[in-house]
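Colleague: Mind looking over this structure? Questions follow.
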Amino acid sequence: MSGTFSYSSITKKIWMSLFGLFLMTFLVVHLGINLLLLFDPSRELFNIAAHFMGTNPAIQIFQWVLFGGFIVHIILGVILQIQNWMARPKGYKISGTSEDSIFSRYMIYTGIIIFIFLVIHLGNFFVLKMQGAVPEFHHEGAGHMEDMGLLVVNLFKSTGYVIFYVVLLLIMGFHLDHAFQSAFQSLGLSHLKYTPFIKGFGHFFAIVITAGYIIIPLVIHFT
Amino acid sequence: MDLKLKIWRQQGPGTKGKFVEYPVKNISADASFLEMMDILNEELVAKGEEPVAFDHDCREGICGMCSLYINGNPHGPDSAITTCQLHMRKFKDGETVVIEPWRAKPFPVIKDLMVDRSAFDDIIQAGGYVSINTGGVPDANDIPIKKENADLAMDAASCIGCGACVAACKNASAMLFVSAKVSQFALLPQGKIEAKRRVESMVAVMDDIGFGNCTNTYACEAVCPKEISVTNIARMNREFFVAKVS
């Protein structure tokens, strides 16, 4: 492979899409685990799942792949955006409004907000876990484990945090709405028959994932 | 109808430009936009002022020479037409019309509303052709081509290279133009032989010149006077990927 492959605009977009789709699969798994808090208010199922994710060796390796995926997606996104700004040093007096999707105009901004949320989110859970500052939860089968569910429930008792969390997730939904179909287009997967379905499924995916994440703090806060 | 025009005036490349207001009166609703510009220029010349420089040639919507970014739209508010096919009946009496040149780093302003679009020529020179020795005219249907592919290639080939896609794109990306030129050859057997080299070279030149990256907003497709589809961009992405990994 020549050097062009490493640096061309299309190459960057292909990597951006692959990592973006990979991060979407992570969102689905994460949502599945979070929803356990709604189905089991005793937090046992959620804590078992969190314990498994925190101790399973394969997941531990995968965690670094995921971290790498986030970093590459973010770095590529910033590089692409800087190049895009440089491509039009002088803007228009009246800017155009012909884009298909309004969210596509703001991907860098929604992306930066998601990144800030990710840092806060890791601070709330991951860092506390690393520091061993999470209260213990006793499970008859598996013995003692960390009560990650309690951390979640305590955070969602705060009205301010719930509002912050919901707003951030809506922004993530806007990002996803454009991202899904855009990833397929960048990978060259366009078809007269299937592309309308991919676009429709992208909207559906963004709504379902966002609603799924939002419903958890709302239910915990109001019950 | 009477209009208030706000036009970008710039003496030459690299000089500082500014918007200048020009009122125009008694313009026929049946006049074309460029005829309205001609009327303005005649008035300016009569007053001893410098006329507004703008690109135009065939005035039949096929040469791709006219440009103009009118009230936030390349080629004006109508769809699937070039500026020369735009008529004044699309505007309201008393309306303010803001006219700007295409804005992109690879399209520097030459004067007023004229921009240098030779960056597109550089991309074509990198591979937008088929290298064949000319001979006698081949018989029709000598090489069988699927009707579907012939139609898609013809659609892609209808790109007139006006640059509206670059002008509309928030990233000043030339992906729609380049993908149309790549597609018109990639879809046909005559173009397949050089397909890999073509897509690699044309994308490399496109990037080197400084066009932005495609973020799939599809503004290009929305403003294209020839309605070139963004499926061409997906095809070019595929062609590029295959060229690089095979």
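The values are calculated or read from the model by the stated rules, or taken from the named source; none is laboratory data. Quick caveat, the model's predicted, so the values are computed rather than measured. FYI the Cβ positions are ideal-geometry reconstructions off the backbone, even for glycines, and counts take in every protein chain you see. We work out accessible area using only protein heavy atoms, side chains counted, and drop any ligands, DNA or RNA first. Shrake-Rupley method; radii C 1.70, N 1.55, O 1.52, S 1.80 Å.
Colleague: May I ask you to give the percent of accessible area on chain A that is carbon plus sulfur, with a probe radius of 1.4 Å?
Modeller: About 75 percent, which is the carbon plus sulfur part of the accessible surface.
Colleague: Count, for each residue of A:177-189, the Cβ atoms from other chains sitting within 10 Å of its Cβ, then give me the mean as a whole number.
Modeller: Across A:177-189, the average partner-chain Cβ count within 10 Å equals 4.
Colleague: If a/c stays under 1.5 just call it rounded; otherwise compare a/b with b/c (prolate if a/b is bigger, oblate if not). Do that for region B:1-127, with a ≥ b ≥ c from the square roots of the Cα gyration tensor eigenvalues.
Modeller: The shape class here is oblate.
Colleague: Can you give the average number of partner chain beta-carbon atoms within 10 Å of each beta-carbon in peptide A:78-90, as a whole number?
Modeller: Taking the mean over all residues of the peptide, I get 6.
Colleague: Just to confirm the number: angle between the C-alpha axis of helix A:57-86 and the first principal axis of chain A, 0 to 90 degrees, nearest 10?
Modeller: Value to nearest ten degrees: 30.
Colleague: Same structure again: Residue by residue through region B:112-126, what is 3J(HN,Hα) from phi via Karplus (6.51 cos²θ - 1.76 cosθ + 1.60, θ = phi - 60°)? Round to whole Hz and write x for glycine and proline.
Modeller: Once rounded to whole Hz, the list reads 6, 9, 8, 10, 8, 9, 5, 4, 5, 5, 4, 5, 4, 4, 6.
Colleague: Do you know which residues of region B:90-123 lose at least 10 square angstrom of accessible area in the protein assembly compared with their chain on its own, with a 1.4 angstrom probe?
Modeller: For region B:90-123, once contacts with the other chains are taken into account, B:98, B:100, B:103, B:105 lose 10 Å² or more.
Colleague: Then there is this: Taking only Cα atoms, what is the 0 to 90° angle, nearest 10, from helix A:44-55's long axis to the longest principal axis of chain A?
Modeller: The answer is roughly 60 degrees.
Colleague: To the nearest 100 Å², how much accessible surface do chains A and B cover up together, summed over both, with a 1.4 Å probe?
Modeller: 3600
Colleague: For region B:217-246, state which residues have at least 40 Å² less accessible area in the presence of all protein chains than in their chain by itself, taking the probe as 1.4 Å and leaving out ligands, DNA and RNA.
Modeller: Listed by number, the residues meeting the 40 Å² cut-off are B:217, B:218, B:234, B:237, B:238, B:240, B:241, B:244.
Colleague: Springs between alpha-carbon atoms under 10 Å, Gaussian network over chain B: tell me which of B:172, B:195, B:140 tops the mean-square fluctuations.
Modeller: Maximum fluctuation in the GNM of chain B, among the listed residues, is at B:140.
Colleague: Taking only protein heavy atoms into account and a 1.4 Å probe, give the accessible area per residue of the protein assembly as shown in Å².
Modeller: 49
Colleague: Still on this structure, I have one more. Enter the angle in degrees (range 0 to 90, nearest 10) between the Cα long axis of helix B:231-245 and the first principal axis of the Cα atoms of chain B, meaning the one along which they spread out most.
Modeller: The two axes meet at around 40 degrees.
Colleague: Extending each Cα 7 Å along its Cβ direction at residue B:208 and residue B:11, get the distance between those two points in nm, one decimal.
Modeller: Modelled inter-label distance: 3.4 nm.
Colleague: Then there's this: Taking only the Cα atoms of region B:118-245, how large is their convex hull per residue, in Å³?
Modeller: So the per-residue Cα hull volume is 113 Å³.
Colleague: Need one value for A:10-17: mean number of C-beta atoms belonging to other chains within 10 Å of its residues' C-beta atoms.
Modeller: 5
Colleague: If each residue of separation counts as 0.36 nm, what is the full-extension length gain between residue A:28 and residue A:133 once their alpha-carbon separation is subtracted?
Modeller: 35.1 nm
Colleague: Now a separate question. Based on the mean of other Cβ atoms within 10 Å per residue, sort peptides A:10-22, B:57-69, B:6-18, A:198-210 so the most packed one is first.
Modeller: A:10-22, B:57-69, A:198-210, B:6-18
Colleague: Can you order the peptides A:145-152, A:106-113 by their average number of other Cβ atoms within 10 Å per residue, highest first?
Modeller: Per-residue mean Cβ counts within 10 Å order the peptides as A:145-152, A:106-113.
Colleague: Using θ = phi - 60° and the Karplus relation 6.51 cos²θ - 1.76 cosθ + 1.60, list the HN-Hα couplings for region B:80-93 in order, rounded to whole Hz, with x at every Gly or Pro.
Modeller: Couplings: 6, 9, 8, 4, 5, 9, 7, 10, 5, 5, 7, 10, 9, 4 Hz.
Colleague: What part of the accessible area of region B:92-155, given as a whole %, is carbon or sulfur when the probe is 1.4 angstrom?
Modeller: 53
Colleague: For the pairs A:13/B:170; A:13/A:90; B:147/B:192; B:111/B:170; B:16/B:105, flag any whose C-alpha to C-alpha distance is greater than 19 Å.
Modeller: In this structure, A:13/A:90; B:111/B:170 exceed 19 Å between Cα atoms.
Colleague: Kindly work out what percent of the DSSP beta bridges joining two residues of the protein assembly as shown are antiparallel, to the nearest 5.
Modeller: The antiparallel fraction comes to roughly 80 percent.
Colleague: Another question about this same structure. List the residues, sorted by chain then number, that are 5 or more residues from residue B:174 or on another chain and whose placed amide H is less than 5 Å from its amide H.
Modeller: Amide H neighbours of residue B:174, under 5 Å, 5+ apart: B:212.
Colleague: Just flag the GluC sites (Glu not before Pro) in region B:184-245 sitting in loop per DSSP whose Cβ has no more than 14 other Cβ atoms within 10 Å.
Modeller: Passing sites in region B:184-245 are B:227.
Colleague: Something else about it: Please give the calculated 222 nm ellipticity per residue for chain B, where each DSSP H segment of at least 4 residues contributes -39500 (n - 2.57) and the sum is spread over every residue; nearest 500 deg cm²/dmol?
Modeller: -10500 deg cm²/dmol
Colleague: Follow-up. When a/c reaches 1.5 or more, the comparison of a/b and b/c decides; with that in mind, is the protein assembly as shown rounded, prolate or oblate per its Cα gyration tensor?
Modeller: Here the protein assembly as shown falls in the prolate category.
Colleague: Mean-square fluctuation check for chain B, GNM, Cα pairs under 10 Å: which of B:208, B:78, B:116 is largest?
Modeller: Comparing B:208, B:78, B:116 in the GNM, the peak value goes to B:208.
Colleague: Once amide H atoms are placed 1.01 Å from N in the peptide plane, what residues at a sequence separation of 5 or more from residue B:5, or on another chain, have their amide H within under 5 Å of its amide H?
Modeller: Placed amide hydrogens put B:22, B:24, B:97 under 5 Å from residue B:5.
Colleague: Connecting C-alpha atoms closer than 10 Å in a GNM of chain B, tell me which of B:147, B:181, B:196 has the biggest fluctuation.
Modeller: Answer for the Gaussian network model of chain B: B:147.
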